[in-house]
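Single-structure report; data block below.
The values are calculated or read from the model by the stated rules, or taken from the named source; none is laboratory data. Since the model is a prediction, treat every value here as computed from it, not as a measurement. Cβ placement follows ideal geometry from the backbone for every residue including glycine, while neighbour counts extend to all protein chains displayed.
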Amino acid sequence: MKEQKWKKLFFLLLGINIVVVIILTAVINSSGKDENYSPTQINTNGHVPFKIQTDKEDLNQVINHYLDKEGLTGPIDYKVVLGDEVELYGTMPVFSQEIQMKLTFDPVALDNGDILLQQKSISVGQLQLPVSYVLKFIGDKYKLPDWVTIQPNKERIYVSLQKMKLKSDIHVKVDEFNLVNNDIRFTLLVPVK
């Protein structure tokens, strides 16, 4: 009798473990729906273009000041660092612990003045998680501006600077975004009407 009870409990525990593994695998491998990215072309009539050239160090300060000022870090802190690629540092809750994560992206300046960030590498503690899952998590849990579009399945992020809300209806377009050569150029479109 005791042996049969022991076998039943063993198989019950084994079944629970299998169900938990299947659910975790399904959640991790489930792909989110990609947000639609629609390129913006602003009407430059009535705007005067100002060309700006900067470097990574100065732009790092501006980006992270903007994130802090606008309260975009939210309950989960993240930080953007420009090195030879765009680096995103943050934390990811796994069970009851916060796991450090780092994602790197290759930036590409698009013809319309937006930036495409193509995912390059990922590090989430010692975990091997799919990139699409981590990008979906970032889109769901991090407070991002509405001018940032995440496409987890395509492993990329669009940064539509022209949709960024700036004072006095100023718009920004990227002309060059070459981090390796520290060649970062923008056009500020300032309204004159």
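This table checks each residue for (1) under 27 Å from I52 (Cα atoms); (2) β-branched (V, I, T); (3) in contact with a Leu (Cβ under 9 Å, 6 or more places away or on another chain).
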position	(1), (2), (3)
V80	yes, yes, yes
V86	yes, yes, yes
N112	yes, no, no
S132	no, no, no
D140	no, no, no
K143	no, no, yes
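Scoring D55 on the criteria (1) modelled with pLDDT under 75; (2) closer than 30 Å to P191 by Cβ leaves a single failure, condition (1). When we screen Y158, Y142 for residues that are within 12 Å of the chain's Cα centre (by Cα) and within 15 Å of D106 (Cβ to Cβ), the only hit is Y158. The condition (being in contact (Cβ under 8 Å) with a residue 12 or more places away in the chain and in contact with a Gly (Cβ under 7 Å, 6 or more places away or on another chain)) is satisfied by just one residue among K173, K154: K173. The residue of segment 137-154 that is surrounded by the fewest Cβ atoms within 10 Å (Cβ to Cβ), among those that are at pLDDT 85 or above and part of a helix (DSSP H, G or I), is N153. The residue that is surrounded by the most Cβ atoms within 10 Å (Cβ to Cβ), counting only those in segment 108-132 that are in contact (Cβ under 8 Å) with a residue 40 or more places away in the chain and within 18 Å of Y89 (Cβ to Cβ), is L117. Has segment 155-174 got any residue that is surrounded by 15 or more Cβ atoms within 10 Å (Cβ to Cβ) and more than 30 Å from P49 (Cα to Cα)? Yes, that holds for at least one residue. Hey, can you tell me all the residues within segment 58-110 that are modelled with pLDDT of 90 or more, under 18 Å from M164 (Cβ atoms) and assigned to a loop (DSSP other than H, G, I, E, B)? Hit for segment 58-110 is L110, nothing else.
Would you point out the residue of segment 159-189, among those that are at pLDDT below 90 and hydroxyl-bearing (S, T, Y), that is nearest to I115 (Cα to Cα)? Result: S160. When F177 is tested against (1) closer than 23 Å to P49 by Cβ; (2) buried (at least 18 other Cβ atoms within 10 Å of the Cβ); (3) within 15 Å of the chain's Cα centre (by Cα), only condition (3) is not met.
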